[in-house]
Every structure is written in structure tokens, then in C-alpha cells.
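Have a look at the structure below, then the notes.
The values are calculated or read from the model by the stated rules, or taken from the named source; none is laboratory data. All figures in this text were calculated on a predicted structure; none of them were measured in a lab. Virtual Cβ from ideal backbone geometry, glycine too; neighbours counted across all protein chains shown.
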Amino acid sequence: MGATKLAQTGPLTLRRRRLILAICCLSLLIVGLDSTIVNVALPSIQRSLHASVSGLQWTIDAYTLVLASLLMLSGSTADRFGRRRVFQLGLLLFTVGSLLCSVAPGLEWLVVFRIVQAVGGSMLNPVALSIITNTITDRRERARALGIWGAVFGLSLALGPVLGGVLVSTIGWRSIFWINVPVGIAAIILTQCFVPESRAPQARRFDPAGQALIIVMLATLTYALIEGPHRGWGSALIVSLFAVTAAAAAALVVVESRREQPLLDVRFFRSAPFSGASVIAVAAFAAFGGFLFLNSLYLQDVRGFTALHAGLLTLPMAGMIALFAPVSGRLVASWGPRTPLILAGPAIAVGALLLVRLGPHTSVGYLVLSYVIFGIGLGFVNAPISNTAVSGMPIEQAGVAASVASTSRQVGATLGVAITGALVAGGTGAGFTVASHAAWAVIAGCGVAIGFLGFVSTGRWAAGTAERVRLSSPSWNPSSPASAELPAELGDRVIVRRGVPDQSGREGEDPLCDAQGQREAAAAGAEVGFLQPHRVVGLEPDIDQLGIRQHPPAVAFSG
């Protein structure tokens with residue numbers, strides 16, 4: 001893999017690199033805020049635009065659906081046409097989309113403008129992370145930068161409900177979109193002034209057929225789930241949509257199996273860790289998306305709390321995510337992904353099961369207890385998803401594998417809102433509370449699935465399937481050193497930790513690590529000069545990177 005082409009407009013001094021990091025973090029901040037702030041505003045949007053539950057579902061799912069469909073495409077587009085250019089285009093579309101959302105005259109227009117937002121959002125975080133990894137080349141400095149990146153995500157998650165509650169309660173729901181406009185404009189200008197242009201020397205080829213099939217598959221499935229309660233599950237339209245979903249999925253497998261550079265390499269799914277991580281990501285973020293959707297409607301519509309009060313009640317969950325994310329990172333780095341996944345699944349399940357008996361007068365203390373337990377589960381789950389996804393994969397494909405895990409998260413969020421919304425459709429007041437019991441049971445089921453898959457996909461048998469996929473990869477090179485650079489095509493990050501625990505829990509030595517790898521390990525501050533290319537702490541820009549600061553011996557590679 002050749003070096004990234006970097007067109008600089010000036011020297012990359014320490015001050016300028018820090019400014020570039022701050023600019024990229026601005027995009028993460030507004031996208032992170034948007035993911036939670038809109039949920040707090042849903043009841044206000046419902047009253048203002050006379051929206052049904054399905055209309056509120058589309059307000060959320062139109063965004064996450066488009067985001068899931070375009071995440072992988074955005075990374076390769078930035079590599080081909082320039083990361084700064086695509087990043088600025090994403091900022092422009094997200095800013096314009098936010099402004100249009102704030103003046104939407106009706107629900108249909110709001111959904112359309114949310115789609116514009118999502119197209120821009122798909123170009124922000126993956127490309128911003130790629131900019132960071134290609135401008136901050138010192139491994140220690142890059143690890144610190146990614147720790148800041150993760151902290152900003154946690155901050156946006158915690159601020160979203162409270163800031164949204166303040167804005168909705170004092171100004172109105174339209175104001176939640178206004179805050180993106182000045183931040184977006186400032187980021188566009190600063191990017192032009194300080195961020196150097198860069199692109200990959202050999203960008204991945206476009207895959208229009210694969211991209212179209214993914215969009216059709218996700219769009220028809222989401223539409224059928226949201227509209228099914230109103231049009232009838234047995235109606236010709238809904239049955240046809242499910243049939244199209246199945247046909248698109250089958251066609252995707254056939255088409256992608258025959259491409260030299262597929263958008264989605266279906267061979268990866270022969271790896272039990274990769275398949276398990278993908279399903280875990282869907283289940284975890286379906287639970288999260290469903291929780292935010294149901295909880296906002298319950299607290300404001302059923303209990304009569306203000307948006308601000310509802311946001312404050314959600315803070316304990318966000319706090320637990322921020323608190324236990326680095327704990328999860330340490331567990332993954334020391335013992336692998338199995339332990340945090342086995343802890344995450346039951347916590348999510350218990351938190352949701354407590355809400356199955358939810359009533360119109362459930363005590364606030366009981367609610368906070370369930371939110372805390374649920375948040376602990378979410379805090380544990382994110383870091384091991386990326387670890388499991390890339391476990392045993394060819395190191396050259398780690399970034400692609402991680403991007404699929406990222407897409408799975410967005411697919412999960414989309415399905416979570418669609419399914420839980422379908423279960424409570426038509427319920428109001430006490431009727432909504434009763435209808436939500438089935439939805440909370442589904443979310444609890446997601447927790448059970450996470451725990452089960454976390455155990456199955458991280459054992460000896462699963463490792464064997466991943467090894468077979470790795471050895472069958474055309475790009476696998478048994479003589480490659482463990483310290484090889486990973487491709488930066490999708491803007492993901494890989495943190496490779498020294499040593500790897502064997503079945504007894506002892507750290508082993510990687511026989512593929514040569515003298516050069518040992519020198520690089522020593523230069524990065526590692527205590528032991530042995531690296532393991534398949535022992536990955538995390539690739540996601542959000543919660544995974546919080547663990548970096550807890551592990552200074554780790555060696556960072558761009559990917």
C-alpha cells in the first residue's frame with residue numbers, strides 16, 4: 001500500500017495539527033448531538049406537525065437509514081476525490097440540511113431534509129477520522145488525539161438530551177437544528193484554511209450495483225416495518241416489500257461474490273467472529289435506538305415531563321456509558337472481547353426487563369435504576385464489537401471489516417426504531433405504556449442475543465473460522481511483519497496491543513514480529529517488543545478510543 005498523497009498548504013506544526021483535530025472534532029460533536037437531541041424533541045414535533053408514531057419513526061429512520069447506506073461509499077469517495085473536499089461537502093450538506101429542517105413546514109418536508117442531513121453526515125465522521133490519521137503521523141500523538149476524539153463523542157452523548165431539553169423547553173423544537181448551522185459554517189471555513197488535502201494513491205473502485213442493492217434492501221425492509229401496522233402485515237404492499245428485501249439480499253450475495261473489489265465482501269461472513277460482531281452491533285444499537293425512541297415518548301407524553309426534565313432523567317444512562325466505556329477498553333485489551341460482551345448482554349437485558357412492567361405512575365427512582373443498568377450494558381458493548389469484527393481477519397482488510405461493523409450499528413438503530421415503533425403504534429397515554437411492554441421485551445431479547453453471541457463468537461471454534469477466512473484471502477502474506485501499515489481507505493483506526501493472551505490467559509509472543517517491529521514497539525513505549533496483528537483494541541471513533549489512554553504500551557497504526 002502506497003503512502004497517502006498529502007497536499008499541504010503550509011507546515012504541519014504541532015499547533016496546526018491540534019487545530020485540525022479540533023476541526024474534525026467539531027463534526028463529531030454536531031453529529032453526536034444530533035443522534036440524541038432529536039429524540040428529546042419528538043413529542044414536541046408530534047404536537048407541532050400533527051405527526052403519527054410512524055411519522056416520528058421516519059424522522060429518526062430517514063436519517064439513520066441513509067447514513068447506514070452511504071457510510072462505506074463515503075470513505076472510498078474521499079480517498080478518490082480528496083478527503084478535505086468530501087469533508088467540506090459533507091459539512092455543507094449537513095449544515096444546509098439542518099437549516100432546512102428548522103424551517104420544515106410539515107412532517108414530509110422534515111423527513112426529506114433529514115435525508116439531506118444524513119447524506120452530509122455520512123461524509124463527516126469516517127472522513128474526519130481519516131484526515132486525523134493522515135495528518136497526525138506520530139503514534140503517541142495520534143493515540144492522544146483519538147482519546148480526545150472519543151471523549152468528544154461521550155460529551156456529545158451526554159449533552160444531547162440536556163441541551164435538547166433546554167432548547168425545546170425555552171425556544172421550541174426547531175432550535176435543535178439551529179445550533180448545527182454556525183458550527184458547520186465555522187468548520188467549513190476552518191477546514192479550507194488549515195486542513196491539507198489528501199487522497200489515497202489507489203482508491204477502491206466504485207461498486208454501483210452493490211451500493212444500489214444495499215439501499216433497496218434496507219429501504220424496503222424499513223418501510224415495511226414502519227408502515228406494516230397501518231397498512232396491514234398481510235397487505236399486498238407489505239408482503240411485496242418483504243419479498244423485495246429478500247430478493248435484494250440474495251442478489252447482493254451473488255453480485256458481491258463476483259466482484260474483485262466489492263463494497264461488501266461476503267467472504268467475511270464465513271468468519272464467526274465477524275458475523276457475530278455484525279449481528280451484535282445490530283442488536284446493541286437496535287436496543288439503544290429503541291430505548292431512546294420509547295423513553296422520550298413515555299416521559300413526555302405519558303408522564304407529562306418537560307423536554308428538559310426528560311433529558312435530565314436520561315443523563316444517568318449517558319453517564320454509565322461514559323464511565324464503563326474505558327473499563328470495557330481495558331478488559332478487551334487484557335482479556336479479549338468475550339468478558340465485556342458477556343457482561344453487556346445481561347445488563348442490557350435486565351435494564352429492559354425492568355421496564356417491561358412500566359406503568360403511568362412508575363417511580364422516578366425505579367426508572368433511574370433501569371436506566372443505570374441499561375447504560376452499563378451499552379458502555380461495555382461498543383469496544384468489543386470492533387475487536388470481534390476484525391479478529392483473525394487479514395490485516396489489510398481490517399479497515400473494511402470495521403466499516404461493516406459501523407454500518408451494522410446504523411442498521412441496528414434504524415431497525416430498533418422501526419420495530420419498537422411498530423409495536424406501540426396507535427397507543428396513547430396508558431395505552432402506550434401497555435403497548436410498550438412488548439417493545440421492551442424485544443429490547444431485552446436483544447440483550448440476551450448479545451450475551452449469547454458474545455460467548456459463541458469469541459471461542460476456539462470461532463477463531464478457527466476466522467483463521468480459515470484469513471488464510472483464504474488473496475491479500476494474505478505470511479511473511480508480512482506485524483508492524484505493517486494498515487490501509488487508510490475507510491478512515492478507521494486500529495490499535496494493536498503488545499502480546500496476546502492464549503487460552504490460559506497468559507500473554508503470548510507473536511512469531512511474526514521481526515526486529516523492525518520490536519524497534520517500533522520500543523519507540524512507541526511498549527514494554528515488550530512483540531506485537532500481534534490480530535489482537536485489536538478497537539476501531540471506532542467514539543467509545544472504543546477511550547481505552548487508548550488506559551494503555552500507553554499500545555502501538556497505533558493507521559487504518
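A few notes on this one:
- In segment 427-449 there is at least one residue matching the filter, namely being modelled with pLDDT of 85 or more and aromatic (Phe, Trp, Tyr).
- Members of segment 122-140 that are aliphatic (A, V, I, L, M) and either more than 17 Å from LEU26 (Cβ to Cβ) or out of contact with any Lys or Arg (no Cβ under 6 Å at 6 or more places or on another chain) (or both): MET123, LEU124, ALA128, LEU129, ILE132
- Checklist (1) more than 23 Å from ARG80 (Cα to Cα); (2) without any contact (Cβ under 8 Å) to a residue 24 or more places away in the chain; (3) not assigned by TED's automatic domain parsing to the domain that holds PHE87 applied to PHE269, failing item: (3)
- Condition check for GLY454: without any contact (Cβ under 8 Å) to a residue 12 or more places away in the chain and part of a helix (DSSP H, G or I): no
For (1) in contact (Cβ under 8 Å) with a residue 60 or more places away in the chain; (2) under 15 Å from ILE45 (Cβ atoms), each residue gets a yes or a no:
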{"residue": "ALA68", "(1), (2)": "yes, no"}
{"residue": "LEU91", "(1), (2)": "yes, no"}
{"residue": "VAL103", "(1), (2)": "yes, yes"}
{"residue": "PHE113", "(1), (2)": "no, yes"}
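- Any hit, segment 172-189, residues being in the same structural domain as ARG83 (by TED's automatic domain parsing) and free of Cβ contacts under 8 Å to residues at least 40 places away in the same chain: yes
- Segment 67-93, subset at pLDDT below 90 and aliphatic (A, V, I, L, M), residue surrounded by the fewest Cβ atoms within 10 Å (Cβ to Cβ): LEU73
- Among residues of segment 252-275, those that are assigned to a helix (DSSP H, G or I), of a type outside the set (A, V, I, L, M, F, W, C) and either at pLDDT 90 or above or over 20 Å from CYS446 (Cα atoms) (or both), counted: 4
- Only one of LEU294, LEU299, LEU225, LEU264 that is within 21 Å of the chain's Cα centre (by Cα), surrounded by 18 or more Cβ atoms within 10 Å (Cβ to Cβ), under 30 Å from ALA41 (Cα atoms) and not β-branched (Val, Ile, Thr): LEU294
- Restricting attention to segment 132-189, the residues being crowded, with 23+ Cβ neighbours inside 10 Å and modelled with pLDDT of 85 or more number 10.
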